[in-house]
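Chemist: Shown below is the structure under consideration.
The values are calculated or read from the model by the stated rules, or taken from the named source; none is laboratory data. No experiment lies behind these values; they were computed from the predicted model shown. In this analysis, Cβ positions are derived from the backbone assuming ideal geometry, glycine residues included, and neighbour counts consider all displayed protein chains. Note: areas computed on protein heavy atoms with side chains; ligands, DNA, RNA excluded. Shrake-Rupley method; radii C 1.70, N 1.55, O 1.52, S 1.80 Å.
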Amino acid sequence: MPQLLKDAIRDVPDFPKPGILFKDITPVLSDPTLFQLSIDKMLETVENLEIDKVVAIDARGFLFGPSVALKKNAGFIPVRKQGKLPWKTNSIAYSLEYGENVLEIHQDAITPGDRVMIIDDLLATGGTAAATVTLLKQLGAEVTCVTFLIELDFLNGRQTIDCDNIHSILNY
Ligand code: AMP
């Protein structure tokens, strides 16, 4: 079944910069069977885990995180790009496969000891996810699981993420 998902991912060369092969997930989102399958596969990665909060990363993590959070009866927490969150934030600068960025989280988003699952669409160099783990640990979270729809294995991004429970549904 994951092969059906894999077949639907569209490779877009040189987007958003020359040399980047962009993995376009919109054909998965537009097909309800594939969209549901992607959510179900993410849920399997936390099947036997108690999760208090699902944290998803701006912007494509938001497409999956809320559905997983509701199924797990967990809260949903957005980690957003700089300047988007209205309340008091903690922030961290990081680099990703094609640029630099700042991520922010609300200071009151996490209760110390919260068991957290992190979700994003794709793991490339790992900078984005590693920065998110750092933000969460600063707030006292226990990062229980990090789950991606897609992992670009050749970039070894998972080595940069301070969590020993990392999953991806589709590997390239
Ligand atoms: P990184 O921090 O290098 O692991 O980059 C991961 C973040 O950048 C994710 O939020 C992805 O949405 C995005 N990203 C990086 N590389 C790609 C790619 N080749 N195709 C689609 N999205 C990507």
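Chemist: Enumerate the amide H contacts of A141 below 5 Å, restricted to partners 5 or more residues apart or on another chain; note that Pro and chain-start residues carry no placed amide H.
Modeler: G113
Chemist: On to the next question. Where the only charges are on Cβ atoms (+1 Lys, Arg; -1 Asp, Glu), what is the dipole of region 49-171 about its Cα centre, to the nearest 20 debye?
Modeler: Around 340 debye, computed over region 49-171.
Chemist: Could you state the per residue volume, in Å³, of the convex hull enclosing the Cα atoms of region 101-157?
Modeler: It is 76 Å³ per residue.
Chemist: Please name whichever of G75, L122, C145 sits farthest to the positive end of the charge dipole of region 49-171, dipole taken about the Cα centre and charges placed at Cβ: Lys and Arg +1, Asp and Glu -1.
Modeler: Result: G75, furthest along the dipole toward the positive end.
Chemist: Related question: Round to a whole angstrom and tell me the spacing of the C-alpha centers of region 47-87 and region 90-137.
Modeler: Region 47-87 and region 90-137 have Cα centres separated by 11 Å.
Chemist: How much of the pair distance distribution for the chain lies past 25 Å, counting alpha-carbon pairs only, in percent? Mind dumping the intermediate values first?
Modeler: Numbers: 4077 of 14706 pairs.
Result for the distance tail: 28 percent.
Chemist: Relative to the Cα centre, what is the charge dipole magnitude of region 38-81, using +1 at the beta carbon of each Lys and Arg, -1 at the beta carbon of each Asp and Glu, and rounding to the nearest 20 debye? Spell out each step's value before the answer.
Modeler: On the way: 7 positive and 6 negative charges, 56 e Å.
Roughly 280 debye, rounded to the nearest 20.
Chemist: Now, a different point. How would F76, F154, F22 rank on accessible area, largest to smallest, probe 1.4 Å?
Modeler: Output order, biggest surface exposure first: F154, F76, F22.
Chemist: Could you tell me which residue out of I51, L136, L37 lies farthest along the dipole of the chain toward its positive end? Charges go on the beta carbon: Lys and Arg +1, Asp and Glu -1, centred on the Cα centre.
Modeler: The residue sitting farthest along the positive end of the dipole is L136.
Chemist: Another question, if that's okay. Between the DSSP loop rule and a limit of at most 10 other Cβ atoms within 10 Å, which trypsin sites (Lys or Arg not before Pro) in region 70-110 are left? Working shown, then result.
Modeler: Details: sites: K71, K72, R80, K81, K84, K88; in loops: K72, K84, K88.
Those that pass, being in a loop and sparsely packed, are K88.
Chemist: In sequence order, what are the phi-derived ³J(HN,Hα) couplings for region 36-48 according to the Karplus relation 6.51 cos²θ - 1.76 cosθ + 1.60 with θ = phi - 60°, rounded to whole Hz, with x for glycine and proline?
Modeler: 4, 4, 5, 5, 4, 5, 5, 4, 4, 6, 10, 3, 9
Chemist: Give me, ordered by chain and number, the residues 5 or more places off F15 or on other chains with an amide H under 5 Å from its own placed amide H.
Modeler: Placed amide hydrogens put I20, F22 under 5 Å from F15.
Chemist: Another question, then. Quick one: which residues, 5+ away or cross-chain, put their amide H under 5 Å from the amide H of I150? H built at 1.01 Å from N.
Modeler: L122, L123, I169, L170
Chemist: Mind checking which of K17, K137, K53 has the largest fluctuation in a GNM of the chain, springs on alpha carbons under 10 Å?
Modeler: In the Gaussian network model the winner is K17.
Chemist: Ok, one more. So for the pair F154, F15, with labels modelled 7 Å out along Cα→Cβ, what separation do we get in nm?
Modeler: 2.0 nm
Chemist: Let me ask something else about it. What are the ³J(HN,Hα) values, in whole Hz, obtained from phi via the Karplus relation 6.51 cos²θ - 1.76 cosθ + 1.60 with θ = phi - 60°, for each residue of region 18-35 in sequence order, with x given for Gly and Pro?
Modeler: My calculation for region 18-35 gives x, x, 9, 9, 7, 8, 8, 8, 4, x, 6, 5, 7, 10, x, 5, 6, 4 Hz in order.
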